[in-house]
Amino acid sequence: MKTIFTTGQVAKICKVAPRTVSKWFDSGRLRGYRIPGSQDRRIPREHLIRFLKEHGMPLGELEDEAMGKVLIVGADQVIRGSLNEMMGSDEFKLETAQSGFEAGIQAESLHPDCVVVDFAMGRSDALMIAANLRKNPEYAETVLIGLLSDEDNASGFDRTIFNETFRKPFDVALLAERVRTLVGRKKQLV
């Protein structure tokens with residue numbers, strides 16, 4: 001997906017005339033820059049998304065890119081429900097998987113920004129999912145969070161495979177906020 005747009009491209013996305021986009025730009029409401037030695041304007045993706053959100057405009061083709069996508073693997077209904085309640089909004093799309101196989105299929109179709117793996121599904125399955133994601137270059141930037149149960153000794157596996165780990169019991173609100181922060185940083189929308 002493009003990261004820099006012309007006024008004409010922004011006009012198509014917003015379904016307005018290019019002159020309207022130029023007025024937004026010239027008035028300072030839509031941030032961007034001019035090409036040196038030219039009057040041409042350029043609008044970075046993150047400024048366009050922020051502008052659209054601030055003005056309650058539909059994101060159109062940018063919607064998929066603007067939303068944080070989270071895949072929750074092996075978590076029980078309580079954790080899934082709480083995360084959905086705290087994060088399932090205009091900003092995040094949450095999907096779930098119960099097995100490694102299902103997680104692989106979901107990851108292919110969703111291309112998540114964050115994968116939360118609950119060790120309750122089994123330590124070896126959880127580690128296999130994490131290792132497979134890290135091996136695939138497509139998911140090199142994916143935030144990976146492990147939910148460790150009390151029985152799980154944090155030693156015995158490479159913790160650097162995960163961006164974060166939480167030991168149960170934990171505050172789901174803290175997990176939701178951490179996911180929001182890490183994904184926001186990744187998408188540069190925070």
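Quick note: the coordinates plus some simple rules give every number you see, no bench work behind them. Note that the coordinates shown come from a computational prediction; the quantities given were computed from them, not determined experimentally. Reconstructed Cβ throughout: ideal geometry from the backbone, glycine too, with neighbour counts over all protein chains shown.
Grab the DSSP H runs of the chain that are 4 residues or longer, score each as -39,500 (n - 2.57), total them, divide by all residues and round the 222 nm result to the nearest 500 deg cm²/dmol.
On the way: 8 runs with 82 residues, N = 190.
Helix-only estimate at 222 nm: -13000 deg cm²/dmol.
On a full-extension model of 0.36 nm per residue, what is the gain between T160 and T3, subtracting their alpha-carbon distance, rounded to one decimal in nm?
Full-extension gain reported as 53.5 nm.
Sort T181, T142 so the one with the fewest other Cβ atoms within 10 Å of its own Cβ comes first. If you can, show how the numbers build up before the last one.
Details: T181 13, T142 20.
Fewest-to-most Cβ neighbours within 10 Å comes out as T181, T142.
What percent does the relative contact order of the stretch 1-77 come to when contacts are Cα pairs within less than 8 Å and at least six residues apart? Please list the in-between numbers first.
Values: 75 pairs, mean separation 21.8, N = 77.
Relative contact order comes out at 28 percent.
Note the listed values (1) 12.2; (2) 11.5; (3) 10.5, then indicate which one is mean projected area of the Cα convex hull in nm² calculated from this particular structure.
(1)
Projected onto the charge dipole of the chain (+1 at Lys/Arg Cβ, -1 at Asp/Glu Cβ, origin at the Cα centre), which of G60, A103, G81 gives the Cα projection farthest towards the positive end?
Going by the Cα projections, it comes out as G60.
In the structure displayed, which of K12/K53; K23/K93; K23/K186; K15/K186; K23/K53; K53/K168 lie more than 25 Å apart, Cα to Cα? Intermediate values should be presented prior to the final figure.
Working: K12/K53 17 Å; K23/K93 33 Å; K23/K186 31 Å; K15/K186 28 Å; K23/K53 18 Å; K53/K168 36 Å.
Over 25 Å Cα-Cα: K23/K93; K23/K186; K15/K186; K53/K168.
Calculate the FRET efficiency for E108 and D171 from the Cβ-Cβ distance with a Förster distance of 30 Å, rounded to the nearest 0.05.
On the way: r = 32 Å, r/R0 = 1.05.
It comes out at approximately 0.45.
Rounded to the nearest 0.05, what FRET efficiency do R50 and E138 give with R0 = 22 Å and r taken as the Cβ-Cβ distance? Could you check?
Values: r = 27 Å, r/R0 = 1.21.
Efficiency, from the Cβ-Cβ distance: 0.25.
Quick one: L127, L83, fewest Cβ neighbours within 10 Å first, how do they rank? Please report the intermediate quantities before stating the final value.
Values: L127 18, L83 22.
Sorted ascending by nearby Cβ count, the order is L127, L83.
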